[in-house]
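Some notes on the structure that comes next.
The values are calculated or read from the model by the stated rules, or taken from the named source; none is laboratory data. Keep in mind it's a predicted model, so treat the numbers as computed, not measured. Quick reminder, even Gly has a Cβ in these numbers, built from the backbone with ideal geometry, and neighbours come from all protein chains shown.
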Amino acid sequence: MGTVVVIGGGPAGLMAAEAAVAAGATVELYDAMPSVGRKFLLAGKGGLNLSHSEPMESFLSRYGSGRAFIEPAIRSFPPAALRAWARELGVETFVGTSGRIFPIGLKAAPLLRAWLRRLRQAGVRFCVRHRWCGWDEHGRLRFITSDGAPSVQADAVVLALGGGSWPRLGSDAAWTQILAEQNILIAPLKPANCGFDVRWSEHFRTKFAGHPVKTVHVMVKAVDGTVIGRMGEFVITVKGVEGGTVYMVAADARDVIAAEGTATLWLDLVPDRPLKRLVQDLSQPRGKRTIATHLKRYAGIAGVKAGLLREVVSKDVLADPVRLAAAIKSLPLTLMAPRPLEEAISTAGGVSFEALGRGLMLRSFPGVFCAGEMLDWEAPTGGYLLTGCLATGRLAGRAAAEWADEHCSHLV
């Protein structure tokens, strides 16, 4: 059996290493950082969302235009298989009320420790502080380390180098230039699951930055005219909005901004109350009550939601029950721009699936496979990202092991 070199120590790379060593290959994993799984650990600080329990057809729909390419990988390693895999590592999982799948204890560290222990026991060799910088004239992998610039021979390679978000954790997208120089088709990287800039007034920014806007229905009209709606919550930031439902519609909002300059987010601040009922409630005599008290009593609007209303609508609207009810049910929020790539939860764009063949192997580089977030796909938060990375890593790792077995010492 040949040697498989995996470059990148995130979830996709670790899963590729596991799949390759399980298939009998000798596996070496290289990473530029001092330790592996850094983004995985940080992503799990608030509760590691492994996957989602919804029906497969609905699950696959979350991958949008990339579905056709990523579906084979997902079907070969669906959420049920992911849960079984975690159980084999000694980590039980549960399904939350939202349908999301979490490990018992919610933390990433116990899962990562068990995973690394099993990989080392299986014979995977880890080489950290090794920054990949391409190939030499003999087709060997070139690395930069504190001790020099070693070259490494491999029978097959899995590139799992991440996207361009959170570069301080290792995913700095330096690989895009390396592959572009080899004429490999790469879609420009864009922020995904990102926040957006909104031109808040100084008063609103100062008073409400950091406040969550809970239980709202958020809608955006996509470039093709389709209306995308999601229920949940998001957070006001100094610069704009982020989190939850904003991430769910981020891809469409980002693309509308690219096409039209701005995008409009429509907020239903009281999704459980029909418009007709809301008009009736707000039409109750106000008497000497302030508008703030009236809104709180008859619409349940207070705090940051009341602040949003005052930020967006005029005093005339606030005084008119019919127009006020309409604003509460469909409050327009103008998004000026997505937040920078390095702030995003994940990345869209990357190695085009057109550049890949069977097993996610580069058509122009036989024996070199790609996996994870560096591929041109995106998905919302909710376990879809992690499932996609693990599934593509598993597929690429298995394919790389098969290739190495058939082409020992012949990688160009």
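So the values come out like this:
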item	result
The stretch 162-181 - residue that is at pLDDT below 90 and in a helix (DSSP H, G or I) and, of those, surrounded by the most Cβ atoms within 10 Å (Cβ to Cβ)	Leu169
Subset tally (residues that are in a loop (DSSP other than H, G, I, E, B) and either of a type in the set (A, V, I, L, M) or under 23 Å from Leu116 (Cα atoms) (or both)) for the stretch 46-71	5
Residue, farthest from Phe196 (Cα to Cα), within the stretch 258-294, restricted to residues that are modelled with pLDDT of 85 or more and buried (at least 19 other Cβ atoms within 10 Å of the Cβ)	Leu282
Qualifying residues in the stretch 350-367 (those that are more than 13 Å from Ile184 (Cβ to Cβ) and small (Gly, Ala, Ser)) - the one surrounded by the most Cβ atoms within 10 Å (Cβ to Cβ)	Gly367
In the stretch 98-140, the residues that are closer than 20 Å to Ile7 by Cβ and small (Gly, Ala, Ser)	Ala122, Gly123, Gly134, Gly139
Cross-chain or 6+ apart pairs with Cβ under 7 Å, the stretch 273-287 first and closer than 14 Å to Ile301 by Cβ, then part of a loop (DSSP other than H, G, I, E, B)	Leu278/Val270
Selection count, the stretch 72-95, where residues are in a loop (DSSP other than H, G, I, E, B), exposed (fewer than 14 other Cβ atoms within 10 Å of the Cβ) and free of Cβ contacts under 8 Å to residues at least 24 places away in the same chain	1
Qualifying positions in the stretch 368-383 - over 15 Å from Arg67 (Cβ atoms) and either modelled with pLDDT of 95 or more or surrounded by 24 or more Cβ atoms within 10 Å (Cβ to Cβ) (or both)	Val368, Phe369, Cys370, Ala371, Gly372, Glu373, Met374, Gly383
Condition check for Arg230: surrounded by 16 or more Cβ atoms within 10 Å (Cβ to Cβ), in contact with a Cys (Cβ under 8 Å, 6 or more places away or on another chain) and not assigned by TED's automatic domain parsing to the domain that holds Ala355	no
Identity of the residue in the stretch 311-341, polar (S, T, N, Q) and under 24 Å from Arg277 (Cα atoms), that ends up modelled with the lowest pLDDT	Ser314
Subset of the stretch 16-45 that is among the acidic types (Asp, Glu) and either more than 16 Å from Arg113 (Cβ to Cβ) or free of Cβ contacts under 8 Å to residues at least 24 places away in the same chain (or both) - its residue that is surrounded by the most Cβ atoms within 10 Å (Cβ to Cβ)	Asp31
Single residue of the stretch 127-158 satisfying the filter (under 23 Å from Ala20 (Cα atoms) and of a type in the set (Val, Ile, Thr)) that is surrounded by the fewest Cβ atoms within 10 Å (Cβ to Cβ)	Val128
Near pairs, Cβ below 8 angstrom, 6+ apart or cross-chain, from the stretch 47-68 (in the same structural domain as Leu111 (by TED's automatic domain parsing)) to any residue that is among the β-branched types (Val, Ile, Thr) and in a loop (DSSP other than H, G, I, E, B)	Asn49/Thr381
Leu386 being of a type outside the set (Lys, Arg), at pLDDT 90 or above and over 16 Å from Leu29 (Cβ atoms)	yes
Qualifying residue in the stretch 137-152 (condition: in contact (Cβ under 8 Å) with a residue 60 or more places away in the chain and among the acidic types (Asp, Glu))	no
Selected residue (criterion: nearest to Leu278 (Cα to Cα)) from residues of the stretch 295-310 that are of a type outside the set (A, V, I, L, M) and surrounded by fewer than 20 Cβ atoms within 10 Å (Cβ to Cβ)	Tyr298
The stretch 262-286, residues that are in a loop (DSSP other than H, G, I, E, B) and within 18 Å of Thr226 (Cα to Cα)	Thr262
Wholly within the stretch 316-389, strands (runs of 3 or more DSSP E) carrying at least 2 residues that are among the small types (Gly, Ala, Ser) and more than 30 Å from Gln153 (Cβ to Cβ)	346-351
Some residue of the stretch 187-196 being among the hydrophobic types (A, V, I, L, M, F, W, C), outside the structural domain of Thr264 (by TED's automatic domain parsing) and surrounded by fewer than 19 Cβ atoms within 10 Å (Cβ to Cβ)	yes
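So that you can scan it fast, the table gives a plain yes or no per residue for (1) out of contact with any strand residue (DSSP E or B) (no Cβ under 9 Å at 6 or more places or on another chain); (2) closer than 20 Å to Leu14 by Cα:
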site: Arg113; (1), (2): yes, yes
site: Arg118; (1), (2): yes, yes
site: Ala122; (1), (2): no, yes
site: Arg125; (1), (2): no, yes
site: Val128; (1), (2): no, yes
site: Arg131; (1), (2): no, yes
site: His138; (1), (2): no, no
site: Phe143; (1), (2): no, yes
site: Ala149; (1), (2): no, no
